[in-house]
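The values are calculated or read from the model by the stated rules, or taken from the named source; none is laboratory data. Small disclaimer: the values here were computed from a predicted structure and weren't measured. Here the Cβ is made from the backbone with ideal geometry for all residues, glycine too, and neighbour counts use every protein chain on show. The accessibility values were calculated without ligands, DNA or RNA, using every heavy atom of the protein model including side chains. Shrake-Rupley method; radii C 1.70, N 1.55, O 1.52, S 1.80 Å.
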Amino acid sequence: MTLTIALSIVLALLFVATGAGKLFGAKASLEARDHFRMNPALWRTIGALEWAGAAGLVVGLVTWDWVAHAAAVGLGLLMVGATITRLRYDSKPTGVVVDLALLALLITLLFLDR
């Protein structure tokens, strides 16, 4: 259970941070958005979804497990999309590895005993 709590909190913090960059227009985030030729409204929507997923991971720790499972699946789908986008626009390999590592952690979280 301790691993579930720790992993949920770490992932929630990571997604809050990346979502904040998208929502509040951090310079590096805007450069990434432009590199991926993404619509600004879609970029902010992704940031909001990252925040919603992070909230779901935390809420799932204190209330219903299904909320955390739904959040992990949703964030996992975002990571699949992020990986495809990075591969499509010939992004740096390190970004793809980070996206896949986050996806693996989300999958691990789904299968940890709650």
Might you let me know whether segment 51-73 holds any residue that is within 19 Å of G95 (Cα to Cα) and in contact with a Leu (Cβ under 9 Å, 6 or more places away or on another chain)? no
What number goes with the only condition from (1) surrounded by 13 or more Cβ atoms within 10 Å (Cβ to Cβ); (2) assigned to a helix (DSSP H, G or I) that S91 does not pass? (2)
In segment 25-47, what residues are surrounded by fewer than 13 Cβ atoms within 10 Å (Cβ to Cβ) and touching a residue at least 12 places away in the same chain (Cβ under 8 Å)? R37
Exactly one condition in (1) over 29 Å from T2 (Cα atoms); (2) modelled with pLDDT of 95 or more; (3) open to solvent by 60 Å² or more (accessible area, probe 1.4 Å); (4) hydrophobic (A, V, I, L, M, F, W, C) is false for W51; which is it? (1)
